[in-house]
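The values are calculated or read from the model by the stated rules, or taken from the named source; none is laboratory data. Just so it is clear, the structure is predicted and the values come from calculations on it, not from any experiment. Positions of Cβ are backbone-derived with ideal geometry, glycine not excepted, and every protein chain shown enters the neighbour counts. Only protein heavy atoms, including side chains, enter the accessible area calculation; ligands, DNA and RNA are left aside. Shrake-Rupley method; radii C 1.70, N 1.55, O 1.52, S 1.80 Å.
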Amino acid sequence: MAAPMTEGPDPAALEAWAGDEEQATKPEEPSLSAGEWLSRNLFSSAVNSLLTVVFSLLLVLVLRGLLNFMFSEERTWRAVKTNMRFLFTHAYPQSQYARIWVCIGVIAVLSGLSVGLLARTGGGISMKKLSMNLMAAGALIALGILLREPSAAVGADGRAIHRSGAEARGDSFVDWLDANALTVLGLLVLANVLLAAWFHHRGTYLQVATEPRVAHGVLVLASLGVLIGQQYATGEVVRESFAEAMADRAWWWLAAVVLVGAGAALWAGLGDARRRNTFVPAMYVFFAGAGLMVLSAWVYPWGHYAFLEGEFIAEPGSTVAMTTKLPWTVIWILLVATFELGRAIKGTRVGPRLRVPLNLLWVMTPFVLYWAVLRDPDLDWAHVMSTDIPMAVFFAVFGGLVVWYLAHPRIGETGRVVAVGLLLVAVLNWVAAFFGWYPMLQKARISFLLLAVVAMLAHNFAGDRSQRMKLVAAWVAAMAVFHWLVTLVNSPSTVDTPTDALIGGFGITLIVAVFTLLLSFPLGVLLALARTSKLPIFRVLSTAYIEVFRGVPLITLLFFFTLIFNLFLPQNMTLVDIAGATIGFSLFSAAYLAENVRGGLQAVRRGQYEASDAVGFTTVQRTLFIVLPQALRVSIPPLVGQVIATFKETSLLAVVGIFDFLRIADKVISAQSEFLGVKREGLLFVSFVYWIFAYNMSKYSQRLEKRLGVGER
Amino acid sequence: MRRALLAVVAVAALFASACGDPDPQPVAPGSAGGSAPEAAEPATTAPEVVTDGEDGDLLQRVQQRGRLVCGVSGTRVIFSETLPDGTVVGVDADYCRVVAAVVFGDSDAVEFVSLTAAERFAALQAGHIDVLFRSTTWTQSRDTEVGLDFGPVIYYDGQQLMARAADGFSASSQVADIAGAEVCALAGTTTEQNVSDAADAAGTEISLSTFEDFDQIVENFIGGGCDVITADGSSLAGRKAKQQPDDQEWVIFPAIPISKEPLAPVYPQNQSRFADAVNWAVYATIIADEKGITSGNVVEMAASPPDAEARRLLGGEDELQTAMGLAPDAFYRAISQVGNYGEILARHLEPAGLTRGSLNASWRDGGLIYAPPAR
């Protein structure tokens, strides 16, 4: 079924970066000097330059506020640093932490391989853009160093020294500036307005090239000077002098100088247009950034803060703990190594064949990592040998035979009778379970249902011997994985935590988001297909479902599935909060996904349906091989939007009492007697982490769109 | 050929559906959580002992499970705060450990479930937790309407006010002194109602602002946005100990609180065997406090008890724990592993700058802490 891989005619072309080829076809942008660029884009007219000046000042004010907040001596960032593990994994025991690292390592290996192998390493960043970004980052850091107010001088008791009333206000110029900063700033902006109006009136803004721009530049610099100078004014608190403040920020200066220097060096090396448009793979830039972070963990004194065996540890001058920096270093090496491995394999014959197994591994990863690695299940070997393995073997063999028989090309009506028979038995099983007529392992019931579904679908995949062998192998593999996972799920965890949840914090945020995605995606696609189906019963049911679940607020669903749903379950069954919440999220998200996919389905043209009918495809074949691939490609942007929304909506877990990322930062840390009332730091940190993830998801979807050519075809 | 295959399929189908493990071992539906072990537990064996309540005997269920599921706040200093490694400490948390030590002989056999104020009773009714130690005030409506039972009071709290000494307040100030002040309280709680009632009774006019979050209230109080803030005395004292800036002095008044907040454990209604175990676990720590039996000297005390009551309590001759369905040394273990009432209180009150005070002193010292005799 797999499409043959198109081999490039020239091995050299295979080596070339995909982005390079893409870029080569575009006309080269005219090269502008910095001054020309500024005058064309930011200062093209008197009004535009006024807008530029006012909004840059606003940006600078916001940046200053943020920096002053983050670096103020009143902030207790120690609360976040000490609670770092707590924020990410809640009460997951320290002694079992290797499991967390294994999980991250597995994800790193899979990511490295996938990116190296599957993605065309396309896009990339042009050298020109890279050097400009480096310089801009350096300049931003330098601006930040200047804008941030100087730290307060700290007394022997570790608290900021306050000025006594007499010396609170001197009469120096800076003190006057401090008191009148807003007035001065307002006057400067007013001067700007007048200047702009005057030049506009004379209509010589662009003709007289230098004068107006120099005048605006002077005003902008004066405004910045006011803002920076005001920082060093004497206030209530005794603060460092300018020289001391700059000396304290030596590390930041170093970072700024290195960034600007690296950018400038790159720029200087970009003699001609060809080199300027050379593309660096985006992954290498990412690796370099991540590598710098990892390196800084070994070199820079981030401080070591922890809570170990009942003691708070705070060592501000040291580097982070070995138990943090060593695993991250290993993970970084794994990531780079597997990326290179993937690239090396890509050109060989094995490469294309690895695509499908790799995708299957990705789908299995969440289940295996959660139930096999994180939970460390305690398998009851007697039960495994006596029940689990025989049952798995039975279903593999029996189902394999059924699949082999039903996938015969000339099976015809008989196959349908057999399949319906199996379905009846499966349904009967569930009815029996509902009334409790005779006991049976749920696993057998589910396996039977799976078999019935596969039997119903088998004739769509009928083919020759090798095709039938493939189907049987897929069934056997699916049964092996399914029974293994169910056995793991049914085994108690040996990881002992003091609370009811195995893991919390960002861990649970990720787990709930990933499982929601895995559950809601197939459900959403099925609902969309049902809503566009010709069978009225499917249409009505699906429409009713979608309208009900879109009409009910998510928080209501969460309360229902965590608090009320248990009352409907049989006595010996309970749904833990996290499972209930995941179900609630999935049902809700599926309704939205279904509508997104339906939009895609409507974009598939009639001719596609008619053509597939003409070649004699069955409905299932047409849906799987013709309609869905096109529909899903079209609906990528809304689908990714839904994924990001789901990821962020997991913060509602806090409301139903699950210790997710947000709740720990919001409620728990601020209630620790060590950090009583410290809340804003945690919230800022949490929003930053959420942003990092959501931003990267959105970036990835943009790349996906580009690769699949959405909007171009 | 086809018929033969059909027959094989049918027979195999019947075989597969008829045979199976007699134990129902349900897969937790869509379980992304670690529910499976609980869900997989067979709950079919009918309890032999006298059962009370519709769902069977709770004490027996807890004993079978092997650990106590205890509902706490997890976000309240002194009573139950969650440390960065996930452990829960505080008076409430220690009483969960006392009950676990009484039931299982192991104070670590507790699973803490952190609950918000809104969901605590629902969690207890739904059977998510066995017992609730969440600084819950014992009131008539909760005891009767909500369908729960309360155990003995473990801490007598009461709502008080806190103001700055610089504004002319002192520990001897009265509610009448806050006339015209900006008073801040938590929105939608009884504290809000209590303070306006108290001001009405004292005949003073106050301006009341409410907030959703106590951290916000304290921040406003430090910044000067609030003149007087109000909450339970224990909470105010904790804040004063940790958050009072160097250049301010905060005072807590009036000496006699404006409300009664008896904090007590809560358990499901009509579970008398479990209720007895919880009640007597609390009483045992109080009796031990009266008799000076501490975690430090309990070994000697058990070897040579000071009186007959102490002997019975610590599992000696004529002990009554066996009759309750507990181990004879249940209380001995609780006291040796966790401590007596005074020890537990001191452990968590002192870091917050609090003492037992007059209400939570032993009845011998004029307080309200009193336990029925163990005989």
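Here are the numbers for this structure:
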{"read-out": "Search result, residues across the range B:219-234 that are surrounded by fewer than 20 Cβ atoms within 10 Å (Cβ to Cβ) and within 12 Å of chain A (Cβ to nearest Cβ)", "value": "B:Glu219, B:Asn220, B:Ile222, B:Gly223"}
{"read-out": "Subset of the range A:359-399 (residues that are under 25 Å from A:Arg468 (Cβ atoms) and either open to solvent by less than 30 Å² (accessible area, probe 1.4 Å) or of a type in the set (Val, Ile, Thr) (or both))", "value": "A:Val363, A:Met391, A:Ala392, A:Val393, A:Phe395, A:Ala396, A:Val397, A:Phe398, A:Gly399"}
{"read-out": "Counted residues, the range A:630-648 - those being surrounded by 19 or more Cβ atoms within 10 Å (Cβ to Cβ) and either of a type in the set (D, E, K, R) or not in a helix (DSSP H, G or I) (or both)", "value": "1"}
{"read-out": "Residue tally, condition out of contact with any Phe, Trp or Tyr (no Cβ under 8 Å at 6 or more places or on another chain) and either at pLDDT below 50 or in a loop (DSSP other than H, G, I, E, B) (or both), over the range A:7-42", "value": "24"}
{"read-out": "Residue selected from the range A:400-419 under the condition in contact (Cβ under 8 Å) with a residue 24 or more places away in the chain and open to solvent by 40 Å² or more (accessible area, probe 1.4 Å), by the criterion farthest from the other protein chains (Cβ to nearest Cβ)", "value": "A:Pro409"}
{"read-out": "Within the range B:143-186, tally of residues that are open to solvent by 50 Å² or more (accessible area, probe 1.4 Å), closer than 24 Å to B:Ala118 by Cβ and part of a loop (DSSP other than H, G, I, E, B)", "value": "1"}
{"read-out": "Residue that is out of contact with any Pro (no Cβ under 7 Å at 6 or more places or on another chain), within 14 Å of another protein chain (Cβ to nearest Cβ) and open to solvent by 10 Å² or more (accessible area, probe 1.4 Å), where the choices are A:Ala654, A:Ala590", "value": "A:Ala654"}
{"read-out": "Any hit, the range B:272-285, residues being polar (S, T, N, Q), at pLDDT 90 or above, under 20 Å from the mean Cα position of the chain (by Cα) and closer than 18 Å to B:Pro373 by Cα", "value": "yes"}
{"read-out": "Evaluation of A:Gly261 against (1) farther than 27 Å from A:Val330 by Cβ; (2) surrounded by 14 or more Cβ atoms within 10 Å (Cβ to Cβ); (3) at pLDDT 80 or above (one fails), failing number", "value": "(2)"}
{"read-out": "Positions within the range B:323-371 being outside any loop (DSSP other than H, G, I, E, B), open to solvent by 70 Å² or more (accessible area, probe 1.4 Å) and in contact with a helix residue (DSSP H, G or I) (Cβ under 9 Å, 6 or more places away or on another chain), in sequence order", "value": "B:Arg333, B:Gln337, B:Arg347, B:Pro351, B:Trp363, B:Arg364"}
{"read-out": "Test result for B:Ala308, open to solvent by 10 Å² or more (accessible area, probe 1.4 Å), more than 20 Å from the chain's Cα centre (by Cα), under 30 Å from B:Asp57 (Cβ atoms) and small (Gly, Ala, Ser)", "value": "no"}
{"read-out": "Residue check, B:Glu290 in a helix (DSSP H, G or I) and in contact with a strand residue (DSSP E or B) (Cβ under 8 Å, 6 or more places away or on another chain)", "value": "yes"}
{"read-out": "Hits in the range B:85-105 - residues which are open to solvent by 10 Å² or more (accessible area, probe 1.4 Å) and free of Cβ contacts under 8 Å to residues at least 60 places away in the same chain", "value": "B:Asp85, B:Thr87, B:Phe104"}
{"read-out": "Tally, over the range B:81-116, of residues that are more than 10 Å from chain A (Cβ to nearest Cβ) and more than 12 Å from the chain's Cα centre (by Cα)", "value": "9"}
{"read-out": "Some residue of the range A:329-340 being in contact with a helix residue (DSSP H, G or I) (Cβ under 6 Å, 6 or more places away or on another chain) and among the polar types (S, T, N, Q)", "value": "yes"}
{"read-out": "Selection from the range A:456-486 of residues that are closer than 21 Å to A:Ala426 by Cα and touching a Leu at 6+ places or on another chain (Cβ under 7 Å)", "value": "A:Met456, A:Ala458, A:His459"}
{"read-out": "Those residues of the range A:593-608 which are over 19 Å from A:Ile546 (Cα atoms) and crowded, with 16+ Cβ neighbours inside 10 Å, in sequence order", "value": "A:Val604"}
{"read-out": "Leading residue by the ranking (least open to solvent (accessible area, probe 1.4 Å)) among those in the range B:235-287 that are part of a loop (DSSP other than H, G, I, E, B) and within 14 Å of chain A (Cβ to nearest Cβ)", "value": "B:Pro245"}
{"read-out": "Tally of residues being of a type in the set (A, V, I, L, M, F, W, C) and either not assigned by TED's automatic domain parsing to the domain that holds B:Arg67 or not in a helix (DSSP H, G or I) (or both) across the range B:115-142", "value": "9"}
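Residues are listed down the side, and each one gets a yes or a no for (1) open to solvent by 50 Å² or more (accessible area, probe 1.4 Å); (2) within 13 Å of chain B (Cβ to nearest Cβ); (3) at pLDDT 85 or above:
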| residue | (1), (2), (3) |
| --- | --- |
| A:Met70 | yes, no, yes |
| A:Ala136 | yes, no, yes |
| A:Pro150 | no, no, no |
| A:Arg159 | yes, yes, no |
